[in-house]
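Engineer: To start, I am sharing the structure in question, which I have written as structure tokens.
The values are calculated or read from the model by the stated rules, or taken from the named source; none is laboratory data. All values reported here derive from a predicted model rather than from experimental measurement. Cβ sites come from the backbone with ideal geometry, for glycine too, and all protein chains shown count toward neighbours. Each accessible area value is taken on the protein alone, full model and side chains, heavy atoms only, with ligands, DNA and RNA left out. Shrake-Rupley method; radii C 1.70, N 1.55, O 1.52, S 1.80 Å.
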Amino acid sequence: MSEPLQRPEWDSATYHRISAPHVEWGKKVLAKLTLRGDETVLDAGCGTGRLTAELLERLPRGRVVALDISENMLRTARDYLQERYWGRVEFVRADLLGLPFQDRFDGIFSTATFHWVLDHDALFQNLHRALRPGGWLCAQCGGGPNLARLMARIESLAVRPPFSVALDEYEKPIFYTDAEAEAERLQRAGFTDIETGLESAPTRLENAAAYIEFVRTVILRHHLERLPNTGLRDLFMSELARQAGLDMPPYELDYWRLNMWARKQG
Ligand SMILES: C[S@@+](CC[C@H](N)C(=O)[O-])C[C@H]1O[C@@H](n2cnc3c(N)ncnc32)[C@H](O)[C@@H]1O
């Protein structure tokens, strides 16, 4: 058994099924890339591999290293990709803050991952080291006022009984930063040709059940793990869904994405 790097673990089967919003965002990021087709690219935080597959389709003579900290995510990614892309995809379980690579990649692609990493100076130093001279970084993560409405609701529930015993003063392990600060960090890490920007990406779920499944799987793993039993977790989620049902439009998540592009000097 390998050491648990990711706690709480992801429900990767559910993520794989419900991550259509992430796949749509990621496809738009990929569409901006100009590729020769023979590059070696790191997918940094590959999750269950749905976007890794899209990346591999753009690299018919290239290779991808699909990297993630989560054993569950990597297992699902391996099942999804290994046979179809045999010999062109390698799976690595590692923390982005301890990347085991130097001057290895022509490019680094990453979506919906960097906001889970709290130290972006250290993150960009790791990514910069992993790139070959002239290599590019193309990434998108949550940023700016990402999910501000949902986060405010979570904070106001967290200080009230019966949730406050477990959640009062809980600091969420998420880092949403803005475009200017991110550009400065990229520059400090040694990147050039830097472009960063925020875009709004509101995402509507179909009904209360879909909203609850999405939010508990994608956004609230850490909060829910702290609550001591299933009854309290269900109560927490049903209260969030009740409030979201009153919004206009209902069950919409106020997502914002932070895009970034940068290059390691050649
Ligand atoms: C929301 S998923 C995104 C997966 C995929 N890129 C997508 O867009 O569907 C975030 C992924 O980042 C991974 N992750 C979070 N922190 C990480 C870290 N420090 N090092 C490596 N992977 C990390 C998680 O395990 C998870 O698989």
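Engineer: Among bridges DSSP assigns within the chain, what percent are antiparallel (round to 5)? Working shown, then result.
Structural biologist: Values: 17 of 36 bridges.
Given both bridge residues lie in the chain, the antiparallel proportion sits at roughly 45 percent.
Engineer: Explain nothing, just the number: relative contact order of the range 12-264, from Cα pairs under 8 Å at least 6 residues apart, as a whole percent.
Structural biologist: Relative contact order here is 20 percent.
Engineer: With every protein chain left in place, what is the accessible area per residue of the chain in square angstrom, probe 1.4 Å? Mind dumping the intermediate values first?
Structural biologist: Working: 12190 Å² over 266 residues.
Per residue, the chain has an accessible area of 46 Å².
Engineer: Looking at the chain as a GNM with Cα springs under 10 Å, which of Gly231, Gly134, Gly37 has the largest mean-square fluctuation?
Structural biologist: Sorting by GNM fluctuation, first place goes to Gly231.
Engineer: Counting C-alpha atoms alone, how compact is the chain: give Rg to one decimal and Dmax as a whole number, in angstrom.
Structural biologist: When restricted to the Cα atoms of the chain, Rg and Dmax are 18.7, 57 Å.
Engineer: Taking +1 at the Cβ of each Lys and Arg and -1 at the Cβ of each Asp and Glu, which of Gly26, Gly62, Leu240 sits farthest along the dipole of the chain towards its positive end, judged by Cα position relative to the Cα centre?
Structural biologist: Gly62
Engineer: So what is the relative contact order of the range 156-266, in percent, for Cα pairs below 8 Å that sit 6 or more residues apart?
Structural biologist: 41 percent
Engineer: Hey, any idea what % of the chain's accessible area is carbon plus sulfur with a 1.4 Å probe? Let's see the in-between values first.
Structural biologist: Working: 5960 of 12190 Å².
Roughly 49 percent of what the probe reaches on the chain is carbon or sulfur.
Engineer: Per Stokes-Einstein, at 10 °C and 1.306 mPa s, what whole-number D in µm² s⁻¹ belongs to the range 165-266, with the Kirkwood radius over Cα pairs as the hydrodynamic radius?
Structural biologist: Roughly 98 µm²/s, to the nearest whole number.
Engineer: With +1 on each Lys and Arg Cβ and -1 on each Asp and Glu Cβ, how big is the dipole of the chain about its Cα centre, in debye rounded to the nearest 20?
Structural biologist: Details: 33 positive and 38 negative charges, 122 e Å.
So the dipole magnitude of the chain works out to roughly 580 debye.
Engineer: Filter the chain for me: DSSP H helices, axial length by Cα at least 30 angstrom, mean Kyte-Doolittle hydropathy not below -0.5. List them by residue number.
Structural biologist: Helices meeting the span and hydropathy rule in the chain: none at all.
Engineer: I've got another one for you. Sorted by average packing, counted as other Cβ atoms within 10 angstrom per residue and highest first, what order do 252-265, 95-108 take? Intermediate results must be reported in sequence, preceding the final value.
Structural biologist: Details: 252-265: 19.9, 95-108: 17.2.
For the peptides 252-265, 95-108, the packing ranking is 252-265, 95-108.
Engineer: With an 8 Å cut-off on Cα pairs and a minimum separation of 6 or more residues, tell me the relative contact order of the range 43-127 in percent. Don't skip to the end; give the middle numbers.
Structural biologist: Details: 114 pairs, mean separation 28.1, N = 85.
About 33 percent, as a whole number.
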